[in-house]
Amino acid sequence: MRLTAFILLIVAITACNKEQTTLKLAHGLDTGHSVHKAMVLLANELEKNSSGKLKIDIYPGGQLGAERECLELLQIGSLDITKVSAAVMEGFVEEYRVFGLPYLFNDKEHYYSVLDGKTGKYILARGEEFWLRGLCYYDAGSRSFYTIQKPVEHPDDLKGMKIRVMKSITAVKMVQSLGGSPTPISWGELYTALQSGVVDGAENNPPSFYLSHHYEVCKYYSLDEHTMIPDVLLISSKTWNRLTSQEQSWLEEAVSKSVIYQRELWQKSEKEALDSVISHGVEIIYPDKGAFKDRVDDVYNDLLENEAIEELVGQIRVR
């Protein structure tokens with residue numbers, strides 16, 4: 001009798017374990033970042049929606065590799081979910097290159113309408129062919145230049161300066177068009193590169209500038225706001241296809257809530273970041289954006305030779 005009861009208990013435990021699926025999510029951001037906080041909410045919402053049947057374990061701070069490495073892990077099914085910059089996705093899906101075009105969006109409202117609309121959803125879906133299914137976009141604000149030795153008040157100030165960029169063809173061309181020398185370096189190696197003088201500066205949004213502690217080295221932040229490149233949350237198509245339609249629905253619902261939450265946090269984090277770097281002795285420069293816009297025609301001309309990109313730019317600009 002005891003043996004029978006023990007066997008039934010083991011069977012019950014095994015059945016419960018099979019009913020619970022744990023997904024691994026990795027990213028390279030600090031745990032204080034709004035995107036990480038949104039992912040924590042995502043994990044909590046998913047567990048609640050699924051009554052504990054679906055869980056997410058989060059590995060922040062590049063624990064499982066840099067962005068490109070995480071994408072490659074997604075492709076082979078060794079990692080379930082990751083967050084990368086849309087710029088990094090250029091190496092996998094050419095349509096993501098459109099987000100790297102400088103001064104593409106009129107304002108934040110225009111930006112959100114594109115991400116949430118037909119064009120944004122189309123680009124997310126294009127990754128399916130490469131086992132990288134897009135789930136949503138997170139706000140990554142506007143990218144601007146920060147430098148060590150001198151401020152960037154005009155594109156001419158970038159001449160001869162080595163500027164760190166993401167591993168993105170579009171980002172490289174943009175910095176070249178403005179007169180700088182683009183230097184692709186991974187995010188995790190950038191602090192040391194700035195500190196040792198390998199590069200003279202970089203470009204990113206205010207929260208990333210602050211949370212990375214790059215303000216300790218770079219004392220000039222020029223808010224030219226040249227690009228608005230979103231972050232992208234992706235799931236391995238191998239993982240997605242293993243989920244039931246109900247599980248997929250639970251996940252999508254949780255993702256949608258995390259997007260709303262992240263945008264609320266982002267607005268606060270931008271102001272807090274700027275206030276914080278100012279308190280640490282960073283000079284904020286507000287350059288004439290017109291001078292920068294006048295220098296980036298070559299970036300558009302190169303990309304508009306691609307019919308797919310030309311069509312996307314047309315869709316975005318009619319809004």
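The values are calculated or read from the model by the stated rules, or taken from the named source; none is laboratory data. As the structure is a prediction and not an experimental result, all values here were calculated from the model. Because the Cβ atoms are built from the backbone with ideal geometry, glycine has one as well, and the counts that use them run over all protein chains shown.
Brief remarks follow.
- Among (1) among the small types (G, A, S); (2) over 17 Å from N205 (Cα atoms); (3) in contact (Cβ under 8 Å) with a residue 12 or more places away in the chain; (4) surrounded by fewer than 19 Cβ atoms within 10 Å (Cβ to Cβ) - the single one S276 does not satisfy: (2)
- Taken together, A202, A193, A171 contain a single residue that is over 20 Å from the mean Cα position of the chain (by Cα) and not hydroxyl-bearing (S, T, Y), which is A193.
- Positions within the range 57-69 being assigned to a helix (DSSP H, G or I) and in contact (Cβ under 8 Å) with a residue 12 or more places away in the chain, in sequence order: E67, R68
- For beta carbons closer than 6 Å, sequence separation of 6+ or different chains, a first residue in the range 80-95 that is outside the structural domain of R242 (by TED's automatic domain parsing) and a second that is buried (at least 21 other Cβ atoms within 10 Å of the Cβ), there are no qualifying pairs.
- Hits in the range 293-312 (condition: among the charged types (D, E, K, R), at pLDDT 90 or above and surrounded by 13 or more Cβ atoms within 10 Å (Cβ to Cβ)): K293, R295, E310, E311
- Residue ranges of helices (runs of 4 or more DSSP H) in the range 244-319 with at least 3 members farther than 25 Å from T170 by Cβ: 245-279
- Annotation note: Cβ proximity below 7 Å between a residue of the range 132-156 that is on the phi > 0 side of the Ramachandran plot and a residue that is acidic (D, E) and not in a strand (DSSP E or B) (sequence gap 6+ or interchain) occurs for G141/E270.
- Some residue of the range 251-272 being out of contact with any strand residue (DSSP E or B) (no Cβ under 9 Å at 6 or more places or on another chain), under 27 Å from P184 (Cβ atoms), touching a residue at least 40 places away in the same chain (Cβ under 8 Å) and not β-branched (V, I, T): yes
- Qualifying residue in the range 124-132 (condition: of a type in the set (K, R) and out of contact with any His (no Cβ under 9 Å at 6 or more places or on another chain)): yes
- Among the criteria (1) at negative phi; (2) modelled with pLDDT of 95 or more, the one S168 does not fulfil is (2).
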